[in-house]
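What follows is a single structure, written as structure tokens, with notes after it.
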Amino acid sequence: MTLAVAVAAALFVGVVAYALFGGADFGSGFYDLTAGGAARGAELRTLVDHSIGPVWEANHVWLIYVLVVWWTGFPESFAAAMSTLFLPLILALLGIVLRGASFAFRKYAATLSQARLFGAIFAGSSLIAPFFFGTVAGAIASGRVPATGRGDRIDSWVNPTSLFGGVIAVGTCAFLAGCFLCADAVRSGNPRLADRLRPRTLAVGIVTGAVVFAALVPIRRDAPTLADGLETQAAPLIVISGLAGLATLVLVYRRRFALARVTALAAVAAVISGWGVGQYPWLLVDEVTIDDAAGADATLQGILIAVGLAAVLVVPAMAYLFRLTQTEAWSRPEH
Amino acid sequence: MLVTDVVVQVLADPAVEPAGLLPARQQMALSLGWHIILACFGVAFPAMLFTMHLIGIRRDDPNALMLARKWGKVAAVLFAIGAVSGTVLSFEMGLLWPGLMGTYGDVLGLPFAFEGLAFFLEAIFLGIYLYGWDRIPPKRHVLMVLPMAVAGVFGTYCVIAVNAWMNVPVGFEVVDGQVTNIDPWAVLFSSAAFWQFLHMWIAAYMVVGFSVAAVYAVGMLRGRRDRRHHLGFTIPFAFASVAAVIQPVVGHLLGNRLAERQPAKLAAFELATETESPSPLRIGGFLIDGTVRWAIDIPYLGSIVARNSFTAPVEGLDTFPPEDRPPVNITHWAFQIMVGIGLLLMLSVIAYWVARWRGHDLTDRRWFLRLVAVSGVLAIIAVEAGWVATEVGRQPWVVYGFMRTSEAAGDNPGLWWVLGVTAVVYSGLTVGAIIVLRSMARRWRAGDVELPSPYGPESALASSEARGGAHRDTRGDTHGDTRGDTGEERQ
């Protein structure tokens, strides 16, 4: 493995982590948005706040990690992607800003009307960000971002692969969030709330799974390089994703929510990894390979040192945070 | 001369610019200028929070514990919007400056990777700390602030290292137009980074120390003079005091390096149109049509302050070709505003501690409380001015001596629209933050310690609580930390 591929792998670990953890946070916005009126939705909205409150900021940092490793390791391709995908990126950014701020504001809102306003902004913008990130992934995977310079500002992300990418991103986020919220609801002693979430989670899962496999057809025509990869080197991952997704649906149906979280994470991780493996060795599909896009060797080594330090420092701390939030002590009423 | 002519002259940029440059610069200025205030809180607030929490535990002081609890909630709001406005900046590096990132990304990127690491730890431990109240044993709980404090400082160092690199580029060579021989570690360990970091780090303590002290000074002006206001004033004011006294020294040492490294910036700071030996210190004034007007000159002092010498001159602007000169008036005024405010704040903290040493408490004087009440805003203005001075003073270069800002800018159309939307969104965030922070303070004063969020009407929440499902905070419970709280809050 070359230095560049090692850095690309580290970068991709960040993409997967953001999709899983950040994705579950974003997906909560879907249930918050569809929770119903103020009275009907109060319980669910409280659950959403309780579930993602302690972790969303840490989960959000994966995005910054991805950007930084990208521009440090592969600077020219970063500049080209940012110039080409200016519009979807700026819209995703708008979603991130509005979501983060309004989530914090809602937590300390003084009146119901304030909380409803901030809550609506939080929930709505939670859907915007993953959609546009999905279109960005589609643009890269379908070879629409040039190695240098700027590609088409509109066609690069308004195309079948990108639009499917956007829809799949929103769907996977919502599916993940549904499994986590169901488990959290049961753990905090409210199985009735889990029962309300369960059919919606199942519906989201079925629709998303169908879209993922339906997308393979247009992607064949629109993004042949990616499609080839998906059907050959990434095929096992796509199969795993399908099986894990099915297992998740069964587990959610049978109310085994705690276990469903694990299979849901596996399904989403597999489908995202499928994309990464499918487009290997391209960094920007059909334009530039990972090795050719890489920056200076000294810098790549530096990144790997930073990543190693992160593994030593961040992972245990994050594990402690997740352990605290997922155990009984934290499920006690907040004071 | 008409007023508009003067304004045009004052603001005119000497270089001719591509269309995308001005909106990109304004966009960066707006989002960075906004973020820098929140970043200060990320850097300096954890240390004050830690001190307060530690006092609470060591002395078993319920007032200090209560303040630490409240500050934690304030930090949660500020860190959240700081996190998102920081994300905006990392996008903007690529969206607005593809020329810079494409060419120099692998030179300047590594400090950002370490900054990301630091920010990770800060976000994780913030989550642990905030939700750890009453869930983690108190002695371990207070320690959860320390990684935040350390990570905040380290992260600042990394970001400042990149900015210092833009001012004093190191760690690469340009051979035949290609950037080569890259040593990314040189950026992280350059001496320019250390001094610039020190200046910014101390500035962060001034911003947060004075801002928080100002809140309690306002409370005292309104007649709230309980133990909690005394504590809430003293701890941040002590931090701010140390910072305000050290800052002029650090600023002076940092400024002394300018003559050698960025003489054009120094000339703009000092409004030196031509080289004079010795150079005067020029207070106020504008450069209009090549002549300095309305300035007060103090002989010798320019050489003494800028060069540590009675004779060494400040190199004049006329020694640089017009296309290499920064916008002089903005740079000069920003610099003088920073220095002026810094000196004022230093004098006021010295006055307070000298008076205290002689047995007078200046917080009994309304004029002093009023001064502290505006000190937070003054410190913020000083930070913004200092940042404008160093950034505008570096123009027309983005990488000093190597790449002009115009080469770094992209050619995406519609940047003015993006700027417009950004201005609206940031105004909204500002208003939202103010509304929420004010309502928090109001509810705390009314005795509502836990600030439950109204996710629904009372009845819906009450019924869910009866089932044990949703977690609604209840007030007036009998925690060790919160005991005796409700009564004395109402004053």
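The values are calculated or read from the model by the stated rules, or taken from the named source; none is laboratory data. Nothing here was measured: the structure is a model prediction, and the numbers come from that model. Cβ coordinates were reconstructed from backbone atoms using ideal geometry, including for glycine residues, and neighbour counts include every protein chain displayed. Accessible surface areas use protein heavy atoms only, side chains included; no ligands, DNA or RNA. Shrake-Rupley method; radii C 1.70, N 1.55, O 1.52, S 1.80 Å.
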Check your understanding: Are there any pairs with C-beta distances below 7 angstrom linking a residue in the stretch A:113-129 that is within 11 Å of chain B (Cβ to nearest Cβ) to a residue that is in a helix (DSSP H, G or I) and among the aliphatic types (A, V, I, L, M), with the two at least 6 apart or on different chains, and if so which?
Key -> A:ARG116/A:ALA38; A:ILE121/A:LEU98; A:SER125/A:LEU98; A:ALA129/A:ALA92; A:ALA129/A:ILE96
**Study point:** Filtered residues of the stretch B:255-276 (kept if over 30 Å from B:LEU198 (Cβ atoms) and exposed (fewer than 15 other Cβ atoms within 10 Å of the Cβ))
**Key:** B:GLU274
Practice item. Can you give me the ranges of the helices (runs of 4 or more DSSP H) entirely in the stretch B:124-218 with at least 3 residues that are away from chain A (no Cβ under 14 Å)? Key: B:145-167
Review point. Any chance the stretch B:48-70 includes a residue that's within 14 Å of chain A (Cβ to nearest Cβ), part of a helix (DSSP H, G or I) and under 20 Å from the mean Cα position of the chain (by Cα)?
Key: no
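How many of the residues making up the stretch B:283-297 are β-branched (Val, Ile, Thr) and within 17 Å of B:PHE335 (Cα to Cα)?
Filtering the stretch B:283-297 down to residues β-branched (Val, Ile, Thr) leaves B:283, B:288, B:291-292, B:296.
Filter again for within 17 Å of B:PHE335 (Cα to Cα), leaving B:283, B:292, B:296.
Matching residues across the stretch B:283-297 total 3.
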Practice item. Among the residues of the stretch A:30-45, write down those that are at negative phi and either open to solvent by 10 Å² or more (accessible area, probe 1.4 Å) or outside any helix (DSSP H, G or I) (or both). Key: A:PHE30, A:LEU33, A:THR34, A:ALA35, A:GLY37, A:ALA38, A:ALA39, A:ARG40, A:GLU43, A:ARG45
Exercise for review: Please go through the stretch B:74-100 and pick out each residue that is in contact (Cβ under 8 Å) with a residue 60 or more places away in the chain, more than 7 Å from chain A (Cβ to nearest Cβ) and closer than 19 Å to B:TYR131 by Cβ.
Suggested key: B:VAL74, B:LEU78
Check your understanding: Under the condition of being closer than 21 Å to B:ILE283 by Cα and aliphatic (A, V, I, L, M), which residue from the stretch B:341-357 is most open to solvent (accessible area, probe 1.4 Å)?
Key -> B:LEU347
Revision key, fill the gap. Exactly one of B:VAL242, B:VAL250 is at pLDDT 85 or above, out of contact with any Phe, Trp or Tyr (no Cβ under 7 Å at 6 or more places or on another chain), in a helix (DSSP H, G or I) and open to solvent by 20 Å² or more (accessible area, probe 1.4 Å), and that residue is B:VAL242
Exercise for review: Would you tally the residues in the stretch B:212-259 being under 17 Å from the mean Cα position of the chain (by Cα) and either farther than 20 Å from B:TYR352 by Cα or hydroxyl-bearing (Ser, Thr, Tyr) (or both)?
Suggested key: 3
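When you check A:GLY166 against the structure, is it without any contact (Cβ under 8 Å) to a residue 40 or more places away in the chain, open to solvent by less than 20 Å² (accessible area, probe 1.4 Å), under 30 Å from B:TRP97 (Cα atoms) and not polar (S, T, N, Q), yes or no?
When the stated conditions are applied, A:GLY166 passes them.
Has the stretch A:57-65 got any residue that is among the acidic types (Asp, Glu) and closer than 24 Å to B:SER427 by Cα?
Scanning the stretch A:57-65, I find at least one residue that is among the acidic types (Asp, Glu) and closer than 24 Å to B:SER427 by Cα, so the answer is yes.
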Check your understanding: So which of A:LEU313, A:LEU324, A:LEU265, A:LEU237 ends up being open to solvent by less than 30 Å² (accessible area, probe 1.4 Å) and assigned to a helix (DSSP H, G or I)?
Key -> A:LEU324
Practice item. Output yes when any residue across the stretch A:70-87 is under 24 Å from A:ALA9 (Cα atoms), more than 7 Å from chain B (Cβ to nearest Cβ) and open to solvent by 10 Å² or more (accessible area, probe 1.4 Å), and no when none is. Key: yes
Practice item. Examine the stretch B:359-368 for a residue that is buried (at least 20 other Cβ atoms within 10 Å of the Cβ) and over 30 Å from A:LEU91 (Cβ atoms), and state whether such a residue exists. Key: yes
Practice item. Would you mind finding the one in A:ALA147, A:ALA137, A:ALA174, A:ALA185 that is assigned to a helix (DSSP H, G or I) and within 14 Å of chain B (Cβ to nearest Cβ)? Key: A:ALA185
Check your understanding: Would the stretch A:104-125 turn up any residue that is within 30 Å of A:ASP297 (Cβ to Cβ) and among the aliphatic types (A, V, I, L, M)?
Key -> no
Point to revise | Which listed residue is at the interface with chain A (Cβ under 10 Å from one of its Cβ atoms), without any contact (Cβ under 8 Å) to a residue 24 or more places away in the chain and in contact with a Ser or Thr (Cβ under 7 Å, 6 or more places away or on another chain), from B:GLY109, B:GLY105 | key: B:GLY105
Review point. Can you name every residue in the stretch B:135-146 that is open to solvent by 40 Å² or more (accessible area, probe 1.4 Å) and either under 23 Å from the mean Cα position of the chain (by Cα) or not aliphatic (A, V, I, L, M) (or both)?
Key: B:PRO137, B:PRO138, B:LYS139, B:ARG140, B:LEU146
Study note, to complete from the structure: Filtering the stretch A:277-303 down to residues that are more than 17 Å from B:ASP106 (Cα to Cα) and crowded, with 24+ Cβ neighbours inside 10 Å yields A:GLY278, A:GLN279, A:LEU284
Point to revise | Checklist (1) more than 13 Å from chain A (Cβ to nearest Cβ); (2) open to solvent by 10 Å² or more (accessible area, probe 1.4 Å) applied to B:ALA44, failing item | key: (2)
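Results for (1) of a type outside the set (Phe, Trp, Tyr); (2) closer than 18 Å to B:PRO326 by Cβ, shown as yes or no for each residue.
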position	(1), (2)
B:SER277	yes, no
B:PRO280	yes, no
B:PHE286	no, yes
B:VAL292	yes, yes
B:ILE296	yes, no
B:LEU301	yes, no
B:SER309	yes, no
B:PRO313	yes, no
Review point. Is it true that B:SER439 is in a loop (DSSP other than H, G, I, E, B), at the interface with chain A (Cβ under 7 Å from one of its Cβ atoms), among the polar types (S, T, N, Q) and more than 30 Å from B:TYR104 (Cβ to Cβ)?
Key: no
Revision key, fill the gap. When (1) open to solvent by less than 40 Å² (accessible area, probe 1.4 Å); (2) free of Cβ contacts under 8 Å to residues at least 40 places away in the same chain are applied to B:SER191, the one that fails is (1)
Point to revise | Residue among A:VAL186, A:VAL204 that alone is touching a residue at least 60 places away in the same chain (Cβ under 8 Å) and open to solvent by 30 Å² or more (accessible area, probe 1.4 Å) | key: A:VAL186
Practice item. Working carefully through the options A:PHE30, A:PHE26, find the one that is more than 9 Å from every other protein chain (Cβ to nearest Cβ), in contact with a Cys (Cβ under 6 Å, 6 or more places away or on another chain) and either over 28 Å from B:THR103 (Cβ atoms) or hydrophobic (A, V, I, L, M, F, W, C) (or both). Key: A:PHE26
Exercise for review: Taking only the stretch A:35-55 into account, find how many residues are more than 20 Å from the chain's Cα centre (by Cα) and more than 7 Å from chain B (Cβ to nearest Cβ).
Suggested key: 5
